[in-house]
Amino acid sequence: MAQVEATTERVVAADAEKVFDALADYSGTRQRVLPEHFSEYEVREGGDGEGTLVHWKLQATSKRVRDCLLDVTEPTDGQLVEKDRNSSMVTTWTVTPAGEGRSRVVVTTVWNGAGGIGGFFEKTFAPKGLARIYDAVLERFATEVEK
């Protein structure tokens, strides 16, 4: 099994603290900015950053739906990590200042891919598909926090 990684980023016209607080708001902002690829969203514990347990289904393709149950941690300032209890998937959100009143948000997801020919196709195509999904999340997120 090879590790598969998908990364995308966006500069948001809001300061890093405001952006991070909105990203950590699983009870409000996060649910509002999810595109149609996410369903059955439910905060099961917490709801604000560290200690949150959140569930959703992620439909990556017409045939591939991943049931995610994510533990949220904040290992360093400006960073949220979502570890899926149902798989090896880990998504890291990193917020850093990007100039006056601007922030850079980088989203990186890694997981252990399949072996063989299926793993080759997964490693080739899955990162692009997941990056498109998170591009949509970041676009909607930017619209929300730049109000």
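Between Y41 and N112, what is 0.36 nm times their sequence separation minus the Cα-Cα distance? Round to one decimal in nm.
This chain segment gains 23.2 nm when fully extended.
For every helix of n ≥ 4 consecutive DSSP H residues, a contribution of -39,500 (n - 2.57) applies; sum these over the chain, divide by its total residues, and give [θ] at 222 nm rounded to the nearest 500 deg cm²/dmol.
My calculation for the chain gives -9500 deg cm²/dmol from helical runs alone.
Using a Gaussian network model of the chain with C-alpha springs under 10 Å, which one of D48, D15, D77 is most mobile by mean-square fluctuation?
The residue with the greatest mean-square fluctuation here is D77.
Distance from the Cα centre of segment 12-47 to that of segment 50-89, in angstrom?
So the two Cα centres are separated by 12 Å.
Mind checking the dipole of the chain: about its Cα centre, +1 per Lys or Arg Cβ, -1 per Asp or Glu Cβ, Debye to the nearest 20?
With Lys and Arg at +1 and Asp and Glu at -1, about 700 debye.
May I ask you to give the percent of accessible area on the chain that is carbon plus sulfur, with a probe radius of 1.4 Å?
The nonpolar share, carbon plus sulfur, comes to 48 percent.
Which one of L138, Y26, A14 has its Cα pushed farthest toward the positive end of the charge dipole of the chain, where Lys and Arg give +1 and Asp and Glu give -1 at the Cβ?
L138
Report the local net charge at C68: Lys and Arg +1, Asp and Glu -1, summed over other residues whose C-beta lies under 15 Å from its C-beta.
Combined, the nearby Lys, Arg, Asp and Glu give 0.
Can you find, among T109, V65, G47, the residue farthest towards the positive end of the dipole of segment 16-134? Put +1 on the C-beta of Lys and Arg, -1 on that of Asp and Glu.
V65
In debye, nearest 20: dipole of segment 38-107 around its Cα centre with unit charges on the Cβ of K, R (+) and D, E (-)?
Dipole magnitude for segment 38-107 comes out near 480 debye.
Convert each backbone phi in segment 134-147 into a coupling constant with the Karplus relation 6.51 cos²θ - 1.76 cosθ + 1.60 (shift: θ = phi - 60°), then list the ³J(HN,Hα) values in order as whole Hz, x for Gly and Pro.
After applying 6.51 cos²θ - 1.76 cosθ + 1.60, I find 6, 4, 5, 4, 5, 5, 5, 5, 4, 4, 5, 7, 8, 4 Hz.
Taking just the alpha-carbon atoms of the chain, what radius of gyration and Dmax come out, in angstrom?
15.0, 48
Give the accessible surface of segment 1-144 per residue, rounded to a whole number of Å², with probe radius 1.4 Å and ligands, DNA and RNA excluded.
So segment 1-144 comes to 52 Å² accessible per residue, rounded to a whole number.
Just to make sure I understand: if all protein chains stay in place, what is the order of S103, S62 by accessible area at 1.4 Å, largest first?
So the residues, ranked largest to smallest area, are S62, S103.
The values are calculated or read from the model by the stated rules, or taken from the named source; none is laboratory data. In this text the structure is predicted, and so the values were computed from the model without any measurement. Cβ coordinates were reconstructed from backbone atoms using ideal geometry, including for glycine residues, and neighbour counts include every protein chain displayed. Accessible surface areas use protein heavy atoms only, side chains included; no ligands, DNA or RNA. Shrake-Rupley method; radii C 1.70, N 1.55, O 1.52, S 1.80 Å.
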